[in-house]
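Comments concern the structure below.
The values are calculated or read from the model by the stated rules, or taken from the named source; none is laboratory data. These numbers come from a predicted model, not from an experiment. Cβ sites come from the backbone with ideal geometry, for glycine too, and all protein chains shown count toward neighbours. Calculation scope for accessible area: heavy atoms of the full protein, side chains included, ligands and nucleic acids excluded. Shrake-Rupley method; radii C 1.70, N 1.55, O 1.52, S 1.80 Å.
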Amino acid sequence: MKTLQDKIQAEAYIIDDRIVKVDHFINHMLDTSLIFEIGKEFAKHFSNVTKIVTIEASGIAFAVATANALNNIPIVFARKSESLITSKDVYQSSVYSFTKQKESIIIIDKKYINEFDHVLIIDDFLALGNAAIGLIDIANQAHASIEGFGVVIEKGFQNGRERIESLGVKVVSLANISKINNGKITFKN
């Protein structure tokens, strides 16, 4: 998606040639026009979707924009922690965060996803694929069909895509970074 790639080139901060910091328009403060363009772009690639599944919190905005573009289908997001209102009847999976350098247990209540669902998994970043693998695991526990995984920014020089595709899941990334060298981003065409 050229608009997204141009914005990343112009505004992203690179940390140690490993981290692409875009929190001023993607995952802390949001460029809402861009978010809804991203949702429309994902909707072009996926059609047989009954629910969107994401992980709190960074994936939620993109899930909302995509759900809107797919005629307002429901969104289910995996929680990273339990609360007093959390059901004990949940699907769960363990996810290691590359940027936070910690492991979390993610959960989705069993009443929100089932074998009749065709889910699209949406997230903001793909690096090693850990979040996506955790969400795929939960969808598999629910016996839901996985229509694909949509990611806003992929760090293609890491092995996340290969891990997800090895599970038979279609991956669509809107900005695939093939390398970062001396703070300069190169996108895969």
Check: Can you tell me which residue in region 141-183 is farthest from Ser47 (Cα to Cα), limited to those that are open to solvent by 70 Å² or more (accessible area, probe 1.4 Å), in contact with a strand residue (DSSP E or B) (Cβ under 7 Å, 6 or more places away or on another chain) and not basic (Lys, Arg)?
Finding: Phe157
Checklist line | region 9-28: number of residues that are of a type outside the set (Phe, Trp, Tyr), under 17 Å from the mean Cα position of the chain (by Cα) and under 22 Å from Thr66 (Cβ atoms) | finding: 6
Next item on the list: Could you list, in sequence order, all residues of region 63-77 that are more than 13 Å from the chain's Cα centre (by Cα) and of a type in the set (A, V, I, L, M)?
Entry: Ala67, Ala69, Leu70, Ile73
Next item on the list: Select, from Ser47, Ser81, Ser33, the only residue that is surrounded by fewer than 19 Cβ atoms within 10 Å (Cβ to Cβ), among the hydroxyl-bearing types (Ser, Thr, Tyr) and not in a loop (DSSP other than H, G, I, E, B).
Entry: Ser33
Margin query: Pairs please, first residue from region 143-167 and over 22 Å from Thr186 (Cα atoms) and among the hydrophobic types (A, V, I, L, M, F, W, C), second anywhere and part of a helix (DSSP H, G or I) and open to solvent by 80 Å² or more (accessible area, probe 1.4 Å), Cβ atoms under 8 Å, 6+ apart in sequence or on different chains.
Written below: Ile146/Asn140
Margin query: Suppose we filter Ala127, Ala131 for residues that are open to solvent by 10 Å² or more (accessible area, probe 1.4 Å), closer than 15 Å to Ile19 by Cβ and of a type in the set (A, V, I, L, M, F, W, C); which single one remains?
Written below: Ala127
Check: Here are some residues: Ile73, Ile26. Which one is among the aliphatic types (A, V, I, L, M) and either closer than 20 Å to Ile8 by Cβ or assigned to a strand (DSSP E or B) (or both)?
Finding: Ile26
Check: In the set Glu147, Glu56, which member is modelled with pLDDT under 95, under 27 Å from Leu34 (Cβ atoms) and not aromatic (Phe, Trp, Tyr)?
Finding: Glu56
Check: Within the bounds of region 92-99, is there any residue that is outside any loop (DSSP other than H, G, I, E, B), among the β-branched types (Val, Ile, Thr) and closer than 25 Å to Ile38 by Cβ?
Finding: yes
